[in-house]
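Worksheet: one structure, shown below.
FYI, it's all coordinate maths here, none of it is from the lab. Bear in mind the structure is a predicted one, so any value in this text is a computation, not a measurement.
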Amino acid sequence: MKYTWYVTFEVPMDGTLLRRRHPRLTKTFVTEAQARDFARARFTEGLIVTAGTIIPRLPRASIPSEGIPEWLEANRVND
């Protein structure tokens, strides 16, 4: 399987540790649709999410946290 998209999201504090060990986690996906679905779920949980393509995929895409709502909405318009 060739993963071409990634979604990075903050890990919510659970209160068991004084310091978070991994404040952010990344998950990879084969398609943009899978990445959007996962990002949408994390975004609706109130987490900070970023996404993009994994190099060397062209065209490259990088979606900062401020652009996630627009990226998710663009998918709904295209469906």
J(HN,Hα) series, the range 55-62, from Karplus relation 6.51 cos²θ - 1.76 cosθ + 1.60, nearest Hz, glycine and proline x: 5, x, 4, 10, x, 6, 9, 9
Linear extension gain, residue 62 paired with residue 11, 0.36 nm per residue minus alpha-carbon span: 16.3 nm
